[in-house]
Amino acid sequence: MTTQSVAVGPSRRKRKRFQFTDRHLPLLLLFPSVVIIVLVIGFPMLYSLYISFTNFNLTNPKVIEFIGFQNYITLLTRDSQFWKAFGRTVLFITLAVNIELILGLGIAQMMARLARGKGLARTLMMMPMMFAPILVGFQFKWFFDAQLGLVNNILYSITGQSQLIPWLIKVPLGFISILVAEIWMSTPFMVIILEAGILSLPTEPFEAAEVDGASGWQKFRLLTLPMIMPFIYTAMAIRSLDLARAFDVVSIMTGGGPANRTELIWTYVNRLAFNGKEFALGAAMSFIAVILSLVFTYMFFNNVLKSRWTEEVEL
Amino acid sequence: MSAQKRVSRRDFLKVVSLTGGAAVLTACATATPEPTEAPAVPTAPAVVGKPFDGKTLRMHAISGANYDELYKLIPAWEEETGAKVEMVFKGNGFETDKRLVQDFAAGTVDYDVAWDHSSFFSQYVKADGLEPLDAYFSTEDLADFIPGILNAGKRDGKLWVMPRHFDISCMHYRTDVGLAGPPETWDDFKAGALKVTQDNPGVFGTQFAGKEEALTGRFYEVLLAEGGQLLDDSFMPAFNSPAGVKAISMFSELYSAGAMPPDMTNFLWEDVANQWVNGLIGMYTEWYGWYSYFQDPASSKVAGKFDIARQPMGDGNIHSGWAGHHGFSITKASKEKEMAASLIKHLTSVEGNQLEAKLGILISRQSVWDQIIKEAETSTDPLAKKRLELAVLQAQEDFRTPPLIAEWLPLSNILYPILQQVILGDTEPQAGLDEAATKVEEMMKGAGY
């Protein structure tokens, strides 16, 4: 007893006793989830980060040696294929996001103006999103097949020329083919977000513009567009994140080939880490790809904050 | 304030740490299982005549196509031994390989018998995942197996895989497109393919599976026939030789001449088979395994209109046939290796081979070959006997596996995109092969060769 009283001491007795309040309850309830998320996501991420600094190779799994930044240096300074895949991925994201935006904006404008059949139109428009990306890949692989594909058959029916166009093989047709598949699959997402933005706009500025004699284009350029910019940037941020990890469709249609002609970062990661058994290099490349995603996300979300519409917009 | 409860910080921390600790323990239990321990085998009183009575054998197996038929023999083995077989995994060859590689790397093997393949087993040996089979199979047990096939499962002087069945490349050629006969050499093959293309609008002279390991393997067999080698005796690349240049130049010249389908570099096994059964190809090198599909008029436009032949020779004066076999291995982690060996003996028995032979699969026992060739004499299929005689001849003389190294797939992963570049005209043959050789050499040195 004596020991206990000495250990507690007068200063500890003065401390405020912890009180469990309603404020603490959410923390307690969230704690197990946080622990599980840390273990399921945090631990594997940290482990793969560690792997990226080793020479771990699946053909020799007993040997794991720490080699510092060697994998990153190899990728950034010696692997020309990596830079090509990186550049192609940036181009892929840029083109896909912008084309989807233009198409999405146009379709969303039309959808917002539909007086009848809106529900049916929305359902039809959302159909591409209902397909698994792998199915979309197979579908477009068949569309662009040189011998049995739909596109060449249509061209043959229209023009009568029997020259087989190897869409998935030739440069830049292979790249364009996977771009088309990706755009077809994901434009509906843009439409949903942008239509929601358009429908949420106040009507007063448009009525005022109408009274002032503004044309349709002026109303779109000077009112609609500035006011839905936060929606546009949010949609672009989400899509660029999606595209930065594009894999399924590309993998099925071309596998990144032939001769690396359609290789994107994630098909290259797959080829290196799983087919080539270079797990550590694959992990390093994955982290570089994550940085790419972060750059695009930061860029777009930064613009979301800047573009929030306020009452100060000049009409 | 009335909603507040007075709980000491110590009590609060106790609750939190207990919850967290339980979550950590649960997650750790599933994330990092104990390495390579086969599950405890339930014990049961031994019964005379049933050597493994009450025991359970766990098996990691290939599935799909005709592979599952053999497993119909398992109940008989269970009856005979008193043991039970539990399938812990079933998937296609590549899925099974991927899972095995990961299990051996992570030390999570909890099965006794694993499907294996001559092209892949070296990875598992290097990962220290397999048990040598020599102690479990006597010379007498092995005497009936075709030596070339058996040897394809050996490495470092030890037997690691018991062969179940095999396949080997064989020249398939149409008899209705003006070909005088099968090509004797790869030069004849090239000339014949160009002629077929010219004389038969809508038909391509030939084709190859054009990506991944499939393309590397096809290049490999032509390279060998032309007198080249993939790797030299010290396991360094040797494919950028004149023979290698000649081999890949043939692919490239045929492609640029329009004698191969324009999508060919996107083709895998099913794609080339589909081209063939649709009557779009004059001749090509293919596995025997597709035969019944090709000869079925319901699925094939070329049924009854093709013949088969030994692979062409090249400047090396050999008929090389890219070959491989499926088989079974015992895992090092197995606690019941005798029982595992017993099941493998049962599945690779004469009875097992007979069952697979009926499905048209090329089996590994000479005695069963002799038997089915004799039976084929009365078959109405014009190629039945020839096909079997040719296959067994090739198994005896032309059987060439890829180098038995763990790095076969990584090597292929480096080589095939460059072969594609050459075929598509993105790079010159010598320059492409030199670039591939440099990368392969670096990879092999990194792997300790």
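Tabulated values for the structure
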{"quantity": "Whole-Hz couplings from phi, Karplus 6.51/-1.76/1.60, listed for the stretch B:323-334; x for Gly and Pro", "calculated": "9, x, 10, 8, x, 10, 10, 9, 7, 5, 6, 5"}
{"quantity": "Protein-only accessible surface order, largest first, of A:W83, B:W276 at 1.4 Å", "calculated": "A:W83, B:W276"}
{"quantity": "Max mean-square fluctuation residue, GNM over chain B, Cα-Cα springs under 10 Å, options B:P382, B:P429, B:P163", "calculated": "B:P382"}
{"quantity": "Acute angle (nearest 10 degrees) that the helix B:337-347 long axis makes with the longest principal axis of chain B, alpha-carbon atoms", "calculated": "40 degrees"}
{"quantity": "Tilt relative to chain B, helix B:212-225 - C-alpha long axis, 0 to 90 degrees, to 10", "calculated": "50 degrees"}
{"quantity": "Accessible surface buried upon A-B contact (total; probe 1.4 Å; Å², nearest 100)", "calculated": "3900 Å²"}
{"quantity": "Accessible area per residue, Å², chain B with all protein chains present, probe 1.4 Å", "calculated": "41 Å²"}
{"quantity": "Long-range HN-HN contacts of B:L159 with modeled amide H, under 5 Å", "calculated": "B:L133, B:D134"}
{"quantity": "Span from the the stretch B:315-332 Cα centroid across to the the stretch A:112-176 one, whole angstrom", "calculated": "42 Å"}
{"quantity": "3J(HN,Hα) from dihedral phi, the stretch A:124-132, Karplus parametrisation 6.51/-1.76/1.60, rounded to Hz, x for glycine, proline", "calculated": "4, 5, 7, 4, x, 6, 7, 7, 5"}
{"quantity": "Minimum 10 Å² accessible area buried by the other protein chains, the stretch A:58-75 residues, probe 1.4 Å, relative to alone", "calculated": "A:L58, A:T59, A:N60, A:P61, A:K62"}
{"quantity": "Estimated distance in nm for a label pair at A:L222 and B:S234, the labels positioned 7 Å out from Cα along Cα-to-Cβ", "calculated": "7.9 nm"}
{"quantity": "Cα gyration tensor category, rounded, prolate or oblate, for the stretch A:125-218 with a/c compared to 1.5", "calculated": "prolate"}
{"quantity": "Residue-level accessible surface for B:K386, protein heavy atoms, 1.4 Å, Å²", "calculated": "80 Å²"}
{"quantity": "Estimated Rh, the stretch A:222-297: Kirkwood, alpha-carbon pairs, angstrom", "calculated": "13.9 Å"}
{"quantity": "Local net charge near A:P172, Cβ-Cβ under 11 Å (Lys/Arg +1, Asp/Glu -1)", "calculated": "+3"}
{"quantity": "For q = 0.06, 0.08, 0.10 Å⁻¹, Debye-computed log10 I/I(0) when each Cα of chain B counts as one equal scatterer", "calculated": "-0.32, -0.53, -0.78"}
{"quantity": "B:H346 accessible area, 1.4 Å probe, all protein chains in place, Å² to nearest 10", "calculated": "20 Å²"}
{"quantity": "Part-to-part distance (alpha-carbon centres) for the stretch B:59-88 and the stretch B:216-293, which is given in Å", "calculated": "36 Å"}
{"quantity": "Accessible-area composition of the stretch B:354-449, carbon plus sulfur, in percent [1.4 Å probe]", "calculated": "50 percent"}
{"quantity": "Distance between the stretch B:376-394 and the stretch A:247-273 - C-alpha centres, whole angstrom", "calculated": "42 Å"}
{"quantity": "Burial ranking of peptide ranges B:389-402, A:160-173 (average Cβ count within 10 Å, highest at the top)", "calculated": "B:389-402, A:160-173"}
{"quantity": "For B:R58, residues with placed amide H under 5 Å, excluding near neighbours", "calculated": "B:E86, B:D112, B:V113"}
{"quantity": "Karplus-derived HN-Hα couplings along the stretch B:160-165 (A = 6.51, B = -1.76, C = 1.60, θ = phi - 60°), whole Hz, x at Gly and Pro", "calculated": "10, 10, 8, x, 9, 8"}
{"quantity": "In degrees, nearest ten, helix B:429-446 long axis to first principal axis of chain B (Cα)", "calculated": "20 degrees"}
{"quantity": "Dipole magnitude (debye, nearest 20) for the stretch B:161-299, charges at Cβ of Lys, Arg, Asp, Glu", "calculated": "140 debye"}
{"quantity": "Long-range amide H partners of A:T54 with built H, under 5 Å", "calculated": "A:I67"}
{"quantity": "Value of [θ]222 nm, deg cm²/dmol, for the protein assembly as shown, DSSP H segments ≥ 4, -39500 (n - 2.57) each, nearest 500", "calculated": "-16500 deg cm²/dmol"}
{"quantity": "Per-residue average of Cβ from other chains inside 10 Å of A:272-284", "calculated": "3"}
{"quantity": "Dipole in debye (nearest 20) - the stretch B:179-242, about Cα centre, beta carbon charges: Lys, Arg +1; Asp, Glu -1", "calculated": "300 debye"}
{"quantity": "Semi-axis lengths, Å, the protein assembly as shown, gyration tensor of Cα atoms, sqrt of 5 times eigenvalues", "calculated": "52, 42, 25"}
{"quantity": "Positive-pole candidate from A:I99, A:S200, A:P26, dipole of chain A, charges at beta carbon", "calculated": "A:P26"}
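The values are calculated or read from the model by the stated rules, or taken from the named source; none is laboratory data. Since the model is a prediction, treat every value here as computed from it, not as a measurement. Neighbour counts run over all protein chains shown; Cβ positions are idealised from the backbone, glycine included. These accessible areas exclude ligands, DNA and RNA; they are computed on the full protein's heavy atoms, side chains included. Shrake-Rupley method; radii C 1.70, N 1.55, O 1.52, S 1.80 Å.
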